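The values are calculated or read from the model by the stated rules, or taken from the named source; none is laboratory data. Not measured: the values here are computed from a predicted model. Note: ideal-geometry Cβ built from the backbone for every residue, glycine included; neighbour counts use all protein chains shown.
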Amino acid sequence: MRLIRSAATLAAAALSVVLVAGPAGAVLRGTTDTANRYANVGVLQLNVDGEWFDFCSGTLVRPDVVLTAAHCTDFLIEEGPDGFGPDDLRISFDPEGDAPYYTVDHIVVHPDWLTAPPGHGNSKHLFLAPPAEDIALVFLDTAVAGVTPAPIADADYLAGLDLTSETFTVVGYGVDAFITGSTLSNHPVVLVDGIRSYRDVSVITEHDAFPDRFLKITQSVCFGDSGGPLFHEGTVVAINTWTFSMRCSGPNLEYRVDSTAAQTFLEANL
């Protein structure tokens, strides 16, 4: 299921849920980043009735630009009927999501994402097939102080790797564990500490329905991790996008930044 979130769900649950039936959240059973190892990974926070809630993650890729998922930001491009706009988004690069906070100048979502038909249920084919290019850039009002931006993989990066033997790392601020229930339960019990965490993963190459635009990885990301990075030796190779389980208990799909659609978008906007 995609880690897709709604503002209403976020406000009601007060946790980093990204998508219900889609994209991902905080890293399950990951390592808390107390050493600030991934200082360029930030948490996206939404202003709901004067209170700020974590809901997605992202990576600083330029001194004042954050790479994240389209599904995390499409409702914030400009103020819409729901009342949300760029002014309702801020980003923190503190491991615990605290100050300083960086405000947003504008957001650019891949234009094809905005033309994609709606998905249904938990169908990754309906949610993730072209033209659903789940990538966006958030341009900040000021440069982030004291943080080195992460490099982004180019079009040939992953082609030079043996995916079956490489180790990758997911990073995010989302859900850490489901204790009882799932996101569909009336009273789920989940662990959300709002702290950046990470976990090493491997790529699953068998039965991958989206080899050109996605990497399938082992269980790791969950709601709230959406938009965060999949790193290979410090380089962003993909974006946390989809979990197959309402308990985040299955594998995940990561949107590849080396895909033709992503590279065209990045070249046009960075």
In segment 157-180, how many are part of a strand (DSSP E or B) and modelled with pLDDT under 90?
4
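The rows are residues; the columns are (1) under 23 Å from Ser259 (Cα atoms); (2) in a loop (DSSP other than H, G, I, E, B); (3) at pLDDT 95 or above; (4) not aromatic (Phe, Trp, Tyr).
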position: Gly194; (1), (2), (3), (4): no, yes, no, yes
position: Asp212; (1), (2), (3), (4): yes, yes, no, yes
position: Ser220; (1), (2), (3), (4): yes, yes, no, yes
position: Phe231; (1), (2), (3), (4): yes, no, yes, no
Just to verify a result, which residue in segment 146-178, among those that are aliphatic (A, V, I, L, M) and under 30 Å from Gln45 (Cα atoms), is farthest from the chain's Cα centre (by Cα)?
Val147
For Ala268, only one of the following conditions fails: (1) over 14 Å from Thr68 (Cα atoms); (2) touching a residue at least 40 places away in the same chain (Cβ under 8 Å); (3) of a type in the set (A, V, I, L, M). What is its number?
(2)
Given the options Val66, Val61, name the one that is surrounded by fewer than 23 Cβ atoms within 10 Å (Cβ to Cβ), under 15 Å from the mean Cα position of the chain (by Cα), of a type outside the set (S, T, N, Q) and on the phi < 0 side of the Ramachandran plot.
Val61
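Yes/no matrix, rows are residues, columns are (1) over 17 Å from Ser57 (Cβ atoms); (2) touching a Gly at 6+ places or on another chain (Cβ under 6 Å); (3) of a type in the set (Lys, Arg); (4) part of a strand (DSSP E or B):
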residue: Glu206; (1), (2), (3), (4): yes, no, no, no
residue: Val236; (1), (2), (3), (4): no, no, no, yes
residue: Ser245; (1), (2), (3), (4): yes, no, no, no
residue: Cys248; (1), (2), (3), (4): no, no, no, no
Note on segment 71-87: residues among the β-branched types (Val, Ile, Thr) and assigned to a loop (DSSP other than H, G, I, E, B) are Ile77
Which condition from (1) among the aliphatic types (A, V, I, L, M); (2) surrounded by fewer than 21 Cβ atoms within 10 Å (Cβ to Cβ); (3) closer than 29 Å to Gly97 by Cβ is the one that Ile204 breaks?
(3)
